[in-house]
1. Any idea which residue in the range 307-318 is surrounded by the fewest Cβ atoms within 10 Å (Cβ to Cβ), counting only those that are under 18 Å from A280 (Cα atoms) and not aromatic (F, W, Y)?
2. Can you pull out the residues in the range 147-187 that are under 26 Å from A111 (Cα atoms) and buried (at least 18 other Cβ atoms within 10 Å of the Cβ)?
3. With the condition kept exactly as written, say whether any residue in the range 234-253 is of a type in the set (S, T, N, Q), under 27 Å from R354 (Cβ atoms) and at pLDDT 90 or above.
4. Within the range 135-161, can you find the residues that are touching a residue at least 60 places away in the same chain (Cβ under 8 Å), within 24 Å of L77 (Cα to Cα) and among the charged types (D, E, K, R)?
5. Please state which of the following conditions A223 fails to meet, knowing it meets all the rest: (1) over 30 Å from Y310 (Cβ atoms); (2) buried (at least 19 other Cβ atoms within 10 Å of the Cβ).
6. Would a scan of the range 185-199 turn up a residue that is part of a helix (DSSP H, G or I) and either over 14 Å from the mean Cα position of the chain (by Cα) or under 27 Å from E314 (Cβ atoms) (or both)?
7. If you scan the range 188-204, which residues turn out to be touching a residue at least 12 places away in the same chain (Cβ under 8 Å), exposed (fewer than 15 other Cβ atoms within 10 Å of the Cβ) and either under 25 Å from V267 (Cα atoms) or hydrophobic (A, V, I, L, M, F, W, C) (or both)?
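The values are calculated or read from the model by the stated rules, or taken from the named source; none is laboratory data. What you see is a predicted model, and the numbers here were worked out from it, not measured in a lab. When we count neighbours, we look across all protein chains shown, and the Cβ atoms used for this are built from the backbone with ideal geometry, even at glycine.
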Amino acid sequence: MPTDRLSTVDEHVDRIVEALAPLPPYDQPLLEALGLPVCEDVVAEVDLPGFDNSAMDGYAVCFSDVATASEDQPVHLPVVGEMAAGQSRLLAMSPGTSVRIMTGAPVPQGADAVVPVEWTDGGLASVRINRAPREGEHVRSRGEDVRTGELLLRDGALLGPRQLGLMASVGRSQVRSRPRPRIVVMSTGAELREPGASLGYDSIYDSNSYMLAAAARATGAIAYRVGIVSDEPAEFRDALSDQLVRADLVVTSGGVSKGAYDVVKEVLSEVGTVSFGEVAMQPGKPQGFGFVGEDRTPILTLPGNPVSSYVSFEVFAVPAIRRLMGHEPYRRPTVTAECRQGFSSAPGREQYVRARYDTDARGAHVTPVGGHGSHLLGDLAEANALVVVPAEATAVHGGEAVQVLVLDRDF
């Protein structure tokens, strides 16, 4: 990362995404692939449905036998059999008869319509039919949904519940997709304590590792939260080395500024493959990215203030994770909304302002939440969006249209 000037947000995102490659795909059980892109063209190997079957509980009939049925002139037919769903034997029927049939059961050979039980007297030995169906009515024809050889999903399609249901319905038990990236989250700082422990007068609870691990999981990754690492270089070096075996991406928070105890920057600068610099954004100015270990595991180093850390994760780590998963787009799209309240913005930096996003009859609108301080975690928890203010802007006025990152929303 250049150190003689501030990188733009776009430059840093591009640097990260271009340095990463999607993880290799492999065949996975259907449920394991939920939320992942498919890495093959999926073609149906069977018809769906695989046989003509009934859409109703009722009676399978020959249409010509019941075409004139009505309340005034009902048709009476003998019931010569019964077909239930899952029944393996095929039953043929002759004109002038009927077969009692259940929803999903195969339609007997010779039948070309199903009369719903509500249109009959429900007879078992013989049935009185009070209303005529149309020819073919209530019969689900073989292949009317999907034909053998039909393309079901194109390479790159997102595997949601409906897509997985379709694949299961045509007999697929596995699908080729990329694995969920394994994200190792580490917090550094001698002042940090685990939630539930006693606090000293100068210590704080570690919120970042929980927040970032949860954010990684919400993005679709597998998250491993590492216990607190102190500001001792040797301890951080050993902890990082231990974690690389299970990491597709390491995310650290803290220790990347210019202080005397910025252990992450100190240790990783010695490696020579992690670059540190500043990005023209607020919050989240100090950033680092590179590779560590023999397997060149990518690592993102984020600032330690909670809001800075979260915003940096949203802006930089989310695209990295989606790149590893093969997801596009990598970055969360922005939406346009009316800003209900004006505020100032620092010139020369792209500002990310915590806000509440809502829609009503008048359209989308957004209202800033709290102040700009990067330590104000309560305001961050209240927000559901970030207003993105361009670096050249110095103020946003009430009623002005702004670009908004809506958090916790599918891409």
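1. At the first step, the residues of the range 307-318 found to be under 18 Å from A280 (Cα atoms) are 307-317.
Checking which are not aromatic (F, W, Y) leaves us with 307-309, 311-312, 314-315, 317.
Working: V307: 22, S308: 25, S309: 29, V311: 25, S312: 28, E314: 19, V315: 24, A317: 24.
So, considering only residues that are under 18 Å from A280 (Cα atoms) and not aromatic (F, W, Y), the one surrounded by the fewest Cβ atoms within 10 Å (Cβ to Cβ) is E314.
2. Going through the range 147-187, the residues under 26 Å from A111 (Cα atoms) turn out to be 147-148, 169-170.
Hit for the range 147-187 is V170, nothing else.
3. Going through the range 234-253, the residues of a type in the set (S, T, N, Q) turn out to be 241, 243, 252-253.
Imposing the further condition that a residue be under 27 Å from R354 (Cβ atoms) reduces the set to 252-253.
Of the ones still in play, those that are also at pLDDT 90 or above are 252-253.
Within the range 234-253, one or more residues are of a type in the set (S, T, N, Q), under 27 Å from R354 (Cβ atoms) and at pLDDT 90 or above.
4. Selection gives E135, R140.
5. (1)
6. In the first step, residues of the range 185-199 are kept if they are part of a helix (DSSP H, G or I); the result is none.
No: zero hits.
7. So in the range 188-204, the residues touching a residue at least 12 places away in the same chain (Cβ under 8 Å) come out as 188-195, 203-204.
Still in the running and exposed (fewer than 15 other Cβ atoms within 10 Å of the Cβ): 190, 194-195, 203-204.
Within the range 188-204, A190, E194, S203, I204 qualify.
A quick yes/no check of all residues on (1) closer than 30 Å to P347 by Cβ; (2) out of contact with any helix residue (DSSP H, G or I) (no Cβ under 9 Å at 6 or more places or on another chain):
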residue: T219; (1), (2): no, no
residue: L244; (1), (2): no, yes
residue: L249; (1), (2): no, no
residue: G284; (1), (2): yes, no
residue: V292; (1), (2): no, no
residue: P306; (1), (2): yes, no
